[in-house]
1. Residue check, residue 72 against (1) surrounded by 12 or more Cβ atoms within 10 Å (Cβ to Cβ); (2) free of Cβ contacts under 8 Å to residues at least 40 places away in the same chain; (3) within 22 Å of residue 157 (Cα to Cα), all met but one. Which one?
2. Out of 27, 67, I need the residue that is assigned by TED's automatic domain parsing to the domain that holds residue 162 and either more than 26 Å from residue 88 (Cα to Cα) or in contact (Cβ under 8 Å) with a residue 40 or more places away in the chain (or both). Which one?
3. From 112, 131, which residue is surrounded by fewer than 13 Cβ atoms within 10 Å (Cβ to Cβ) and not in a loop (DSSP other than H, G, I, E, B)?
4. Name the pairs whose Cβ atoms lie under 7 Å apart, with the first residue in the stretch 39-52 and closer than 12 Å to residue 15 by Cβ, the second part of a loop (DSSP other than H, G, I, E, B) and at pLDDT 95 or above, and 6 or more positions between them or separate chains?
5. What about residue 78, is it loosely packed, with under 15 Cβ neighbours inside 10 Å and under 30 Å from residue 105 (Cβ atoms)?
6. Kindly indicate which of 114, 109, 147, 85 is modelled with pLDDT of 95 or more and farther than 18 Å from residue 178 by Cβ.
7. Would you mind finding the one in 104, 128, 96 that is in the same structural domain as residue 61 (by TED's automatic domain parsing) and farther than 19 Å from residue 173 by Cβ?
8. Quick one: which strands (runs of 3 or more DSSP E) lie wholly within the stretch 24-83 and hold at least 1 residues that are within 20 Å of residue 168 (Cβ to Cβ)?
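The values are calculated or read from the model by the stated rules, or taken from the named source; none is laboratory data. Treat the numbers as computed from the prediction; the structure is a model and nothing was measured. Every residue, glycine as well, gets a Cβ built from its backbone with ideal geometry; the counts of neighbours run over all protein chains shown.
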């Protein structure tokens with residue numbers, strides 16, 4: 001067994017004394033726990049619970065191009081280039097949600113889908129899980145943006161250029177960076 005593999009530990013060194021929801025909306029819940037930490041000290045721990053699973057998609061055409069989407073991110077108050085991404089309510093089929101998001105944001109549909117990464121976006125403060133797909137054998141159509149994506153820009157470029165953007169810090173979204181770095185490793189194995 002890989003010693004770096006994620007393992008469920010039923011005997012957590014943390015003890016939860018109490019939990020209180022501090023904020024709740026249709027997308028997230030913020031909980032404050034009173035805890036005893038692994039060293040025996042009392043304290044608090046804040047958790048952001050996501051009510052959706054996140055997904056990202058790296059579409060790749062026969063020529064080795066991909067598509068990025070860019071938009072102004074409210075939380076950062078800055079423009080961000082990313083792979084196409086979205087959310088899926090817990091219980092919804094994540095692949096179907098990924099197909100929907102790719103079409104909504106880029107107009108693309110894919111005949112071949114491969115789940116190639118699952119990650120936790122910021123596991124010190126949130127339980128958010130993200131799944132990243134490779135989408136191939138693409139067909140072009142029209143996008144169907146949500147109201148919050150009215151400023152969305154779509155950019156077609158060589159996958160290697162998108163990977164370089166992540167390496168240079170021009171892409172900083174964690175799902176995008178992780179997905180592009182894994183895609184780079186896969187490309188290197190094939191070359």
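1. Of everything listed in (1) surrounded by 12 or more Cβ atoms within 10 Å (Cβ to Cβ); (2) free of Cβ contacts under 8 Å to residues at least 40 places away in the same chain; (3) within 22 Å of residue 157 (Cα to Cα), residue 72 misses just condition (2).
2. Numbers: 27 fails: assigned by TED's automatic domain parsing to the domain that holds residue 162.
After applying the criteria, what remains is 67.
3. On the way: 131 fails: surrounded by fewer than 13 Cβ atoms within 10 Å (Cβ to Cβ).
Going through 112, 131 in turn, just one is surrounded by fewer than 13 Cβ atoms within 10 Å (Cβ to Cβ) and not in a loop (DSSP other than H, G, I, E, B): 112.
4. So the pair list comes out empty.
5. Values: loosely packed, with under 15 Cβ neighbours inside 10 Å: yes; under 30 Å from residue 105 (Cβ atoms): yes.
Criteria met by residue 78.
6. Values: 114 fails: farther than 18 Å from residue 178 by Cβ; 147 fails: modelled with pLDDT of 95 or more; 85 fails: farther than 18 Å from residue 178 by Cβ.
The conditions single out 109.
7. On the way: 104 fails: farther than 19 Å from residue 173 by Cβ; 128 fails: farther than 19 Å from residue 173 by Cβ.
Selected residue: 96, the only one of 104, 128, 96 that is in the same structural domain as residue 61 (by TED's automatic domain parsing) and farther than 19 Å from residue 173 by Cβ.
8. Values: elements: 28-36, 42-50, 52-59, 65-73, 78-82.
Passing ranges, in order: 52-59, 65-73, 78-82.
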